[in-house]
1. Scan the range 188-202 residue by residue and report those that are under 27 Å from Ser65 (Cα atoms) and touching a Ser or Thr at 6+ places or on another chain (Cβ under 7 Å).
2. Can you run down the residue pairs with Cβ atoms below 8 Å, 6 or more apart or on separate chains, where the first is in the range 85-103 and touching a residue at least 24 places away in the same chain (Cβ under 8 Å) and the partner is of a type in the set (S, T, N, Q) and assigned to a helix (DSSP H, G or I)?
3. Please work out if Ser157 is in contact (Cβ under 8 Å) with a residue 12 or more places away in the chain, within 24 Å of Val246 (Cβ to Cβ) and of a type in the set (Ser, Thr, Tyr).
4. For the range 48-67, state whether one or more residues are outside any helix (DSSP H, G or I) and farther than 15 Å from Tyr146 by Cα.
5. So which residues in the range 38-72 are in contact with a Phe, Trp or Tyr (Cβ under 7 Å, 6 or more places away or on another chain) and over 16 Å from Pro232 (Cα atoms), if there are any at all?
6. Please verify whether Leu222 is crowded, with 22+ Cβ neighbours inside 10 Å, more than 15 Å from the chain's Cα centre (by Cα) and modelled with pLDDT under 80, treating the condition exactly as stated.
7. Could we say that Glu163 is within 22 Å of the chain's Cα centre (by Cα) and of a type outside the set (S, T, N, Q) here?
Amino acid sequence: MSGRLGRLAIPTGTLLVMLYLLFPVVVVVLISFSSARFLSFPPPGYSIQWYAKLLADPDWLNSLSVTLQVGALTTVFSTLLGVPAAFALSRYGIPGRSFVTALILASLITPTIIKGLSLYLFYVPLGLVNTIWGLAAAHTVSGLPYVVINTIASLRSADRDLERAAVIHGASPLWAVMRITLPIISPGIMVGAVFAFIQSVHELLVALFVLGGVEKPLAVKLWAGVRAEVDPTIAAVSTGLIGMAVLAYACAGAAQLLSKRRGLPAAGP
């Protein structure tokens, strides 16, 4: 009996912890369908009026457009910079490789308020404050490590003999990398790109410093909305962000399954 209880304790405890962590998400989703005029739980009734209000509000739609633009640019910048950096750090004995790796990963442990303030002071003389390109570049600093980590993990387990065989048979090194190696490690690159996009969508403090005055991404507008007025429209927007994150993680999961089928390690941040 004691052994059976011991075997049930771990899964039961895990389930309780997961329910505890997911409860706020469930509350937000339910409130987004509330028929009440203000935030209340449990909802007195259910309605899609707040989603209709959201879709009819040009300010929220503009914030969504800004968020998607910045997220897309961040993903592209992080991938274009992260993949070559991963190749250089993984395959070549460049001077100061450990320092460069630490510098790339430093953004993961640097407090966000420090990044936001330093980027603002750096951007002011350059005229990049209140620009989408400036915020995308700022988010790239935080998104780059995800691409580098996942690409390096894929490169270390990829069979480089395939690339060497292509070179031996007359292919140029660049062609071999583009046509042989990149397709093999593409699941790891995709996972890194997905996480770069997610961190861009949910970043608040850097966006407040860099793009909080004119255009407002969803994270900034949500923060401002909570301060000004609290109605279920905010819950509807939050539910949309949750759905966006779930979709992105689903893409990352599909990339992991593809990676396993190709014999590569399941990539992760």
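The values are calculated or read from the model by the stated rules, or taken from the named source; none is laboratory data. Being a predicted model, the structure only gives us computed values, none of them experimental. FYI the Cβ positions are ideal-geometry reconstructions off the backbone, even for glycines, and counts take in every protein chain you see.
1. Let us first name the residues in the range 188-202 that are under 27 Å from Ser65 (Cα atoms), namely 189-202.
Ile189, Gly192, Ala193, Ala196, Phe197, Gln199, Ser200, Val201, listed by residue number.
2. From residues that are touching a residue at least 24 places away in the same chain (Cβ under 8 Å), the pairs are Ala86/Thr151; Phe87/Thr151; Leu89/Thr101; Ser90/Thr151.
3. Working: in contact (Cβ under 8 Å) with a residue 12 or more places away in the chain: yes; within 24 Å of Val246 (Cβ to Cβ): no; of a type in the set (Ser, Thr, Tyr): yes.
No: the conditions fail for Ser157.
4. Applying the first criterion (outside any helix (DSSP H, G or I)) to the range 48-67 yields 48, 57.
Applying the additional criterion that residues be farther than 15 Å from Tyr146 by Cα yields 48, 57.
So far as the range 48-67 goes, yes, one or more of its residues are outside any helix (DSSP H, G or I) and farther than 15 Å from Tyr146 by Cα.
5. Residue satisfying the conditions is Gly71 alone.
6. Values: crowded, with 22+ Cβ neighbours inside 10 Å: no; more than 15 Å from the chain's Cα centre (by Cα): yes; modelled with pLDDT under 80: yes.
Considered against the rule, which asks whether it is crowded, with 22+ Cβ neighbours inside 10 Å, more than 15 Å from the chain's Cα centre (by Cα) and modelled with pLDDT under 80, Leu222 comes out as no.
7. Numbers: within 22 Å of the chain's Cα centre (by Cα): no; of a type outside the set (S, T, N, Q): yes.
For Glu163, the condition - within 22 Å of the chain's Cα centre (by Cα) and of a type outside the set (S, T, N, Q) - is not met.
Residues checked against (1) of a type in the set (S, T, N, Q); (2) closer than 17 Å to Ser186 by Cβ; (3) without any contact (Cβ under 8 Å) to a residue 60 or more places away in the chain:
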| residue | (1), (2), (3) |
| --- | --- |
| Gln69 | yes, no, no |
| Leu108 | no, no, yes |
| Leu126 | no, no, yes |
| Gly134 | no, no, no |
| Ala137 | no, no, no |
| Thr151 | yes, yes, no |
